1. How many nm separate the modelled label positions at residue 203 and residue 77, each set 7 Å beyond the Cα in the direction of the Cβ?
2. Determine, from the Cβ-Cβ distance of residue 130 and residue 335 and an R0 of 22 Å, the FRET efficiency 1/(1 + (r/R0)^6), rounded to the nearest 0.05.
3. Starting from the Cα of residue 303, move 7 Å in the Cα-to-Cβ direction to define the label point; list residues of the range 326-344 whose amide nitrogen is under 12 Å from there.
4. When the C-alpha atoms of the range 276-433 are aligned to their principal axes, what extent does each axis show, in angstrom, from largest down?
5. Quick one: which residues, 5+ away or cross-chain, put their amide H under 5 Å from the amide H of residue 359? H built at 1.01 Å from N.
6. Could you pull out every residue, at least 5 positions away or on a different chain, whose amide H is within less than 5 Å of the one on residue 470? Hs are placed 1.01 Å off N in the peptide plane, and Pro or chain starts have none.
7. For the range 342-497, build the convex hull from the C-alpha positions and give me its volume per residue in Å³.
8. Out of residues 5 or more away from residue 344 or on other chains, whose amide H comes under 5 Å of its own, with H placed 1.01 Å from N in the peptide plane?
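Values in this text are rule-based calculations from the coordinates and carry no lab data. In this text, all values refer to a predicted model and were calculated from it rather than measured experimentally. Cβ atoms come from the backbone with ideal geometry, glycine included; neighbour counts cover every protein chain shown.
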Amino acid sequence: MTLPISLFTLASGFQSSEEDVIKKKPARVLVANTILSLPGCQESLAEKEFILSPEKGAHSYMWLRHYFFTMYWRLFSVVFIGNLVTILTIFAYRRTLDNLQLSDLATATASNITVALLMRQEYVINLLFTVAYAVPTWMPLWIRRNCAKVFHIGGIHSSAGVAAVFWFVTLTVTTTIGLVAPERISLGKTNLAIVLIVYMILALCISILVTAYPSFRAKHHDIFERTHRFAGWSILALFWILTVLSADASRGHLPLSKALTSDPTLYLLIISTISVILPWLRLRKVLVRSEVLSSHAIRLHFSYTNTYPGTTIRISERPLVEWHAFATIAKPEVDGFSVVVSNAGDWTRRQIGLAPERLWVRGIPACAVLTIVPLFKRVVLVATGSGIGPCLPVLLAKKVPMRVFWSTPNPEQTFGEEIIASVRAADPHAVIWNTRKQGRPDMVREAWKLVAESGTTSNGRYEVEAVCIIANKKVTQMVVRGMEVRGLAAFGPIFDS
């Protein structure tokens, strides 16, 4: 049976005639062009055509704001400019490289390395997220929107890493001058061993910077990951040696222990080392119950710990070589959790074929972008393919009223009836778009439809306060920017690791 239905009917829960809908002009809804799948209907319901809301503000301003002045780049800029101002101030005071204090340069480098490492430390990440999403929903929306951007702390990580290299380049030049012309360096002694270690560290730092460049990282992620890990560990070890040698070279008549304990670099290295070691202290191989959903997807069930909505874990077959992050799916009042792995490359394809019984895990479940959902009163969740996995725990928790748009090929055959039922239980009117039958959707348009369907408040604002999307980088950026240029908060992964 095919029934005419207006978007106003779906949003409000009661029926009205098409004439009434046109008169009331609810949320820019007009006439029909897509198919909305609703449970309990044998045939599709004809939907009203929809006019997408125009962008707000001048196009050039919105383009700059949402492409270059994102929270990620704002945090990056604050950290980098802070370092730049500091180094310029030192140069203005010292006048020349000859007068730079080697210990100060080492401390500045170590400070930035420590900050960069802490921004990737699971305990620190969880603490920052906990503080951010503790903001109550009665607070002004602009405050909650900014708190929800806590996952952009990757900007601090990147900026501190780049700044550390700049500081270390200055240190390298200064130590080289000290070796070639020792009479020119009055504030710090050096020797051949120190210079050799400095150049080794510099080479490793540059290798990390080069492989972390976004286009290289996207094409050669395995190389990026291994370089980051092994070069990072090597830098930390060599920095310890450098600190001891530098303290010994410049201690004069002081005992080496006293020279070391009076150097701030020592304590920064202790913090950095603990930050790196801590996740590996929780390295273990755990039991896995594999549930093959299809030739394209597998669901892995774990029982070694419990998780909460919005968190991710990293799993591996070879813990020193590669790690893969997946969102956890926890059912309320049920111990353990699961992850959905879809065919996205060699490693994921192998898991689907092997149906593993054991996998390596390390660290603790870490908060990710969807942890911020409780900051809002009403949300639209958008997902493509296996992106529904991270959304499932948020849907199952049912803490926030939400609408769902999920675009995927053959959803029932690929992901199974249980996942479909979980989506329907959270949103009975969820739009599950089968790309095999319906083609590729206009993601911005379809997401905005659900925003409009949810109605408006008495002051004319949409009831939906935010859109959250889990998809690939291109689609995520398109939807986030498509929502934000229309004045609605939108959040999705920033693909910076």
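1. 3.8
2. Details: r = 22 Å, r/R0 = 1.00.
Here the calculated transfer efficiency is 0.50.
3. In the range 326-344, the label zone of residue 303 (backbone N under 12 Å from the point 7 Å along Cα→Cβ) covers 335-337.
4. 44, 34, 25
5. 286, 288
6. Long-range HN contacts for residue 470: 382, 383, 384.
7. Numbers: hull volume 21.7 nm³, N = 156.
It comes to 139 Å³ per residue, whole-number rounded.
8. Long-range HN contacts for residue 344: 349.
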